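Worksheet: the structure to be examined is printed underneath.
What follows is calculated from the coordinates using simple rules that are stated; it is not laboratory data. What you see is a predicted model, and the numbers here were worked out from it, not measured in a lab. We place every Cβ from the backbone using ideal geometry, glycine too, and count neighbours over all the protein chains shown.
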Ligand code: SAH
């Protein structure tokens, strides 16, 4: 292995920070050997904080309507071939009931930016879930809203909010989004969420069109500084009805490499092995866990709407990716030395072992 890479990994494992150029060098000089060393350090950190426990989140995809037009996403407003749906409150609460019985203690309501999910409607849904299941955490992932709306959702009892920053490089942000979307607003939203006391999830795609090592280095520096409680990263996967239909997908290897680096930058971070990881390769989820991830988010949406929430092609929503497949997911986790737990899965603040 490259001597500089070796030194950078040791420095990162020891100090949990690198200069920006250090991150860029590490990303640009990825190798199977470096990945293995990083994963060993990352797994050690993850074990110190979370043992062999894997947290699960019940993902409810509440709406495929979206007012935005992100170039990479299949739900973009100008995709006329997308089959749109939105769940009713009753359907959402039924998903939660089912999920609770299956052992989920965190529910994630995710969707496109759909005006029908008004501030008041979402607040009353959050209240209903927290009232029925006070032992559960509610996570929202509904996109960008005014501070006042986030505050209302927080006051209603929402615990966490996932809003991937998508990229920490303003010029690259402008390259993959239409002009009416703004990097500054996205960052401002993340700031508000954090100030309002949400546990915040940032994140980005790996291998998105035009993405460079310098862009990824900026993402890593951002994670180092912002220290989000969660960080969702997954490979870019093309969707046939977007401007990026013909672009190659991101790789499992690069995603796992970055998962390990993020675990070392911010050891207590909650790090999902995302659906996109399981989608690009069979066993991708397990590889993510072995690289330092500690969360999986099986799909709890009603079976007939799952295929319609198509942010990219061939998105998995059945088998171990579904809430019904939990028993098999547990078997797969056991096979690699991990176990799924019935737990809210909050950020760990103390190390379990020295
Ligand atoms: N509207 C919500 C939820 C968006 S979907 C929000 O803005 O947060 C969740 C994530 O899916 C996005 O943040 C994006 O990073 C990811 N995503 C979108 N299109 C994708 C694609 N083609 N490949 C991989 N990930 C994608």
Kindly list the number of the only condition in (1) more than 20 Å from the chain's Cα centre (by Cα); (2) within 16 Å of the ligand (Cβ to nearest atom); (3) assigned to a loop (DSSP other than H, G, I, E, B) that fails for residue 149. (3)
Note on region 35-85: residues touching a helix residue (DSSP H, G or I) at 6+ places or on another chain (Cβ under 9 Å) and part of a strand (DSSP E or B) are 54, 56, 58, 59, 60, 61, 62
Can you pull out the residues in region 295-312 that are within 14 Å of the ligand (Cβ to nearest atom), within 18 Å of the chain's Cα centre (by Cα) and part of a loop (DSSP other than H, G, I, E, B)? 297, 301, 309, 310, 311, 312
What are the residues in region 242-263 that are over 26 Å from residue 192 (Cα atoms) and more than 12 Å from the ligand (Cβ to nearest atom), if any? 246, 251, 252, 253, 254, 256, 257, 258, 260, 261
Exactly one of (1) more than 9 Å from the ligand (Cβ to nearest atom); (2) farther than 12 Å from residue 265 by Cα; (3) touching a helix residue (DSSP H, G or I) at 6+ places or on another chain (Cβ under 7 Å); (4) in contact (Cβ under 8 Å) with a residue 40 or more places away in the chain is unmet by residue 210. Its number? (4)
Among the residues in region 116-134, are any within 16 Å of the ligand (Cβ to nearest atom) and part of a strand (DSSP E or B)? no
Top-ranked residue in region 229-241 [being part of a loop (DSSP other than H, G, I, E, B) and within 7 Å of the ligand (Cβ to nearest atom); ranked as farthest from residue 49 (Cα to Cα)]: 239
Looking at this structure, is residue 217 touching a helix residue (DSSP H, G or I) at 6+ places or on another chain (Cβ under 7 Å) and more than 15 Å from the ligand (Cβ to nearest atom)? yes
